Amino acid sequence: MRTSQYLIATLKETPADASVISHQLMLRAGMIRKLASGLYSWLPLGLRVLRKVEAIVRAEMNKSGAQEVLMPVVQPAELWQESGRWEEFGSELTRFQDRHNNAFCLGPTHEEVITDLIRSEINSYKQLPANFYQIQTKFRDEVRPRFGVMRAREFIMKDAYSFHGSHACLLKTYEVMHQTYCSIFQRIGLNFRPVLADTGSIGGTGSHEFHVLADSGEDDIVFSNASDYAANIEMAEALAPSVVQEEKRAGRTVATPATKTIEEVCNYLNVPAHQTIKTLIVLGTVDENGKQPLIALVLRGDHQLNEVKASKLTQLASPLAFASDQRISSELGLPVGYIGPFNLTIPIIADRAAAAAVNFVCGANIVDHHLQDANWHDASLFAQIADIRNVVKGDPSPCGQGQLDIKRGIEVGHIFQLGTKYSEAMKARVLDEQGKEQAMVMGCYGIGVSRVVAAAIEQNHDDKGIIWPSAIAPFHLALIPINLHKSPAVAETCEKLYQAFSTAGIEVLFMDEAKARLGGMLADAELIGIPHRVVVGDRGLEQGMVEYKGRADSESSNIAVDEIVSMVKNFMN
RNA sequence: CGGAGCGUAGCGCAGUCUGGUAGCGCACUACACUGGGGGUGUAGGGGUCGUGGGUUCAAAUCCCGCCGUUCCGACCA
């Protein structure tokens, strides 16, 4: 490709509304442009990268035995009503009506459509298992689109759906997809980890997420330092601590004026946060009177409530909701900040660690007062003791080996064992060996293709710009002439090299604009992140040399003109 | 949805407090010089100051409404 015939839309300055590095660099390198919040156009350069990611995903999916299909973005409401998600999904699902007033939605995912398709096409156990995938545009009206294509409203996803006669068969395909995902992210060249995950709103039984490790990630990923255990913090179990061997002191009420937060109380009383107990008031499930009762959650002051774990408790509303300050003060007669677990009139659910605490500080249920050296006398105080906190660095690993560490991750893939949730609801059945009708067992497998592009940049950049992994670079090599318009020797050599590289299967961006200056071309090549660059100038040519530099190299080197093609080709293998 | 900020040329910003002819840098056009890391000069083009209303002799500037957008928190590829 020649830059004289190609849109290189690089920006010298960083657009003000981009905060994360991948978003900034994608705008600056001229890969994407924003149309509206969470909606992006892909420019030629960005699209080349996107297509390369797609190609790797497609190749590995095909290799796994999955079959490619393409389903519509626009989906009829009836299917979603049939699965129950028309009500369940909330306002992230964009709904609209056509000219006949029929209801439709923009597909945020395709379980309904694929299940509808397959229930009429597959009728026998003999046709199973089968796995279908597509690479297609999804629309989710995100609460808060951000970070460019990392969390866009419209995005490209690879979604696959497998169908089986038994759960055992599903597990086999699940394992194949797990392997396939590892191959995909390896080929792309990412530093990633598969981790145990929550199933979220998609539903189902078992699940793994694939995370690209990067500080800008939105998820906390938990690792054992002694085994390959890895889990999303939503899932990682916090074990009960060993019992503290400490003499229980007599509790007393102390005045703690204007100390509402744990931090304020700790400073005021000079106690560490792990010696405190906090009491959170949340809403329970709707009772027979149609009301949501208040329920108290008790955690150690230094621990964070894990809302995913909590909302799985049957007594609690799902998703978890905190009680309003008004309800707390009217029903408990107290402002937030001084509530404690003793003499509360509402049910209490205690975290395992909180239930094991001794000689702790907690709210006294009196304004401006806390209890100090408080102790649990009787476990019957609690309606339940459960794991409802986030693990913290240094916790023992739930796998039994080692301690936990926490890193940030960007979720680029997610695989689920769906089971029969959709096939039951939508009557997707086959006849088994006995001629009996049976709901198909399903799995589903997603990759955020456009997000992978951003994640790759988060992991591979420097102060000059992007450093593409070779497999997804928009071009392999930048061919940069010096004084192209003046030097016949430079022009001739560049043309010859351009042909030779192309013939060797190397994708060249030939910066052939007559008046372009060297500094600008070098800066662009670095910003765009092209892995290899060759500079051709008269001075080198007098010795029969051109200048080579890899994007991540610190120094360039002189290479003979007739060796450069085979050298770069070797680098790429 | 709650909290905060921003909206002036394609991009980055100043001007707003204290009302008085709309500016700067980059980019763009033309010409000349320059030519191994975003060069220099000369001459240019480009603006409903987000939008609607109000106050005023006069509004980018003050007041009210609306819209857009970004960031921080609860959702997800």
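Quick one: which of A:Leu344, A:Leu316, A:Leu280, A:Leu320 is closer than 21 Å to A:Ala258 by Cα and of a type in the set (A, V, I, L, M)?
None of the others qualify; the one that does is A:Leu280.
Filter the range A:135-147 for residues that are more than 8 Å from RNA strand B (Cβ to nearest atom) and under 26 Å from A:Gln24 (Cβ atoms) and give the result.
Scanning the range A:135-147 gives A:Thr137, A:Phe139, A:Asp141.
Considering the range A:157-175 alone, what residues qualify as being within 16 Å of RNA strand B (Cβ to nearest atom), touching a Phe, Trp or Tyr at 6+ places or on another chain (Cβ under 9 Å) and in a strand (DSSP E or B)? Steps first, please.
If we filter the range A:157-175 for residues that are within 16 Å of RNA strand B (Cβ to nearest atom), which is where we start, we get A:157-162, A:174.
Checking the rest, the ones that are also touching a Phe, Trp or Tyr at 6+ places or on another chain (Cβ under 9 Å) come to A:158-162, A:174.
Residues satisfying the conditions are A:Lys158, A:Asp159, A:Ala160, A:Tyr161, A:Ser162.
When the residues of the range A:526-551 are filtered to those that are small (Gly, Ala, Ser), more than 8 Å from RNA strand B (Cβ to nearest atom) and farther than 15 Å from A:Val568 by Cα, which remaining residue is farthest from the chain's Cα centre (by Cα)?
A:Gly544
Could you please find all residues in the range A:440-455 being near RNA strand B (Cβ under 9 Å from one of its atoms) and over 19 Å from A:Cys182 (Cβ atoms)?
If the condition is that a residue be near RNA strand B (Cβ under 9 Å from one of its atoms) and over 19 Å from A:Cys182 (Cβ atoms), then A:Ser450, A:Ala454 are the ones that fit.
For residues that are within 26 Å of A:Thr173 (Cβ to Cβ) and either of a type in the set (Asp, Glu) or assigned to a loop (DSSP other than H, G, I, E, B) (or both), tally how many sit in the range A:204-226.
Let us first name the residues in the range A:204-226 that are within 26 Å of A:Thr173 (Cβ to Cβ), namely A:204-212, A:219, A:221.
Those left that are additionally either of a type in the set (Asp, Glu) or assigned to a loop (DSSP other than H, G, I, E, B) (or both): A:204-206, A:209, A:219.
Qualifying residue count for the region: 5.
Please enumerate the residues belonging to the range A:198-236 that are modelled with pLDDT of 90 or more and within 13 Å of RNA strand B (Cβ to nearest atom).
Across the range A:198-236, the qualifying residues are A:Ser207, A:His208, A:Glu209, A:Phe210, A:His211, A:Val212, A:Asp219, A:Asp220, A:Ile221, A:Asn232, A:Ile233.
Please list, ordered by residue number, the helices (runs of 4 or more DSSP H) wholly in the range A:2-91 having 2 or more residues that are of a type in the set (D, E, K, R), closer than 17 Å to A:Phe155 by Cβ and within 25 Å of the chain's Cα centre (by Cα).
Passing ranges, in order: A:44-63.
Among the charged types (D, E, K, R) and buried (at least 16 other Cβ atoms within 10 Å of the Cβ): is that true of A:Lys12 in this structure?
So A:Lys12 fails the test.
Hey, among A:Leu93, A:Leu79, A:Leu128, which residue is surrounded by 17 or more Cβ atoms within 10 Å (Cβ to Cβ), more than 30 Å from A:Val176 (Cα to Cα) and not β-branched (Val, Ile, Thr)?
A:Leu93
Please identify the pairs in which a residue from the range A:100-112 that is in a loop (DSSP other than H, G, I, E, B) has its Cβ atom under 9 Å from the Cβ atom of a residue that is of a type in the set (Asp, Glu), counting only partners at least 6 apart or on another chain.
A:Asn102/A:Glu78; A:Pro108/A:Glu92; A:Pro108/A:Asp141; A:Thr109/A:Asp159; A:His110/A:Asp159
Only one of A:Ala504, A:Ala514, A:Ala500, A:Ala489 is modelled with pLDDT under 95 and either over 20 Å from A:Met31 (Cβ atoms) or more than 14 Å from RNA strand B (Cβ to nearest atom) (or both). Can you tell me which?
Of the residues listed, the single one that is modelled with pLDDT under 95 and either over 20 Å from A:Met31 (Cβ atoms) or more than 14 Å from RNA strand B (Cβ to nearest atom) (or both) is A:Ala514.
Pairs needed: first member in the range A:41-68, touching a residue at least 60 places away in the same chain (Cβ under 8 Å); second member anywhere, of a type in the set (Gly, Ala, Ser) and surrounded by 13 or more Cβ atoms within 10 Å (Cβ to Cβ); C-beta distance under 6 Å; at least 6 residues apart or different chains.
Correct list of pairs: A:Leu45/A:Gly30; A:Glu60/A:Ser183; A:Ala66/A:Ala160.
For the range A:263-289, give me the residue count where each residue is over 19 Å from A:Ser330 (Cβ atoms) and buried (at least 17 other Cβ atoms within 10 Å of the Cβ).
Result for the range A:263-289: 7.
Filter the range A:552-573 down to the residues that are touching a helix residue (DSSP H, G or I) at 6+ places or on another chain (Cβ under 9 Å) and within 9 Å of RNA strand B (Cβ to nearest atom) and list them by number.
Matches in the range A:552-573: A:Asn558 only.
Against the condition within 16 Å of RNA strand B (Cβ to nearest atom), without any contact (Cβ under 8 Å) to a residue 24 or more places away in the chain and of a type outside the set (Gly, Ala, Ser), how does A:Trp86 come out, does it pass?
The answer is yes for A:Trp86.
What residue, among those in the range A:16-36 that are near RNA strand B (Cβ under 8 Å from one of its atoms), of a type outside the set (Lys, Arg) and surrounded by 13 or more Cβ atoms within 10 Å (Cβ to Cβ), is modelled with the highest pLDDT?
Here the residue is A:His23.
What residue, of A:Gln326, A:Gln315, A:Gln292, is touching a residue at least 60 places away in the same chain (Cβ under 8 Å) and either at negative phi or buried (at least 20 other Cβ atoms within 10 Å of the Cβ) (or both)?
A:Gln315
The values are calculated or read from the model by the stated rules, or taken from the named source; none is laboratory data. No experiment lies behind these values; they were computed from the predicted model shown. Here the Cβ is made from the backbone with ideal geometry for all residues, glycine too, and neighbour counts use every protein chain on show.
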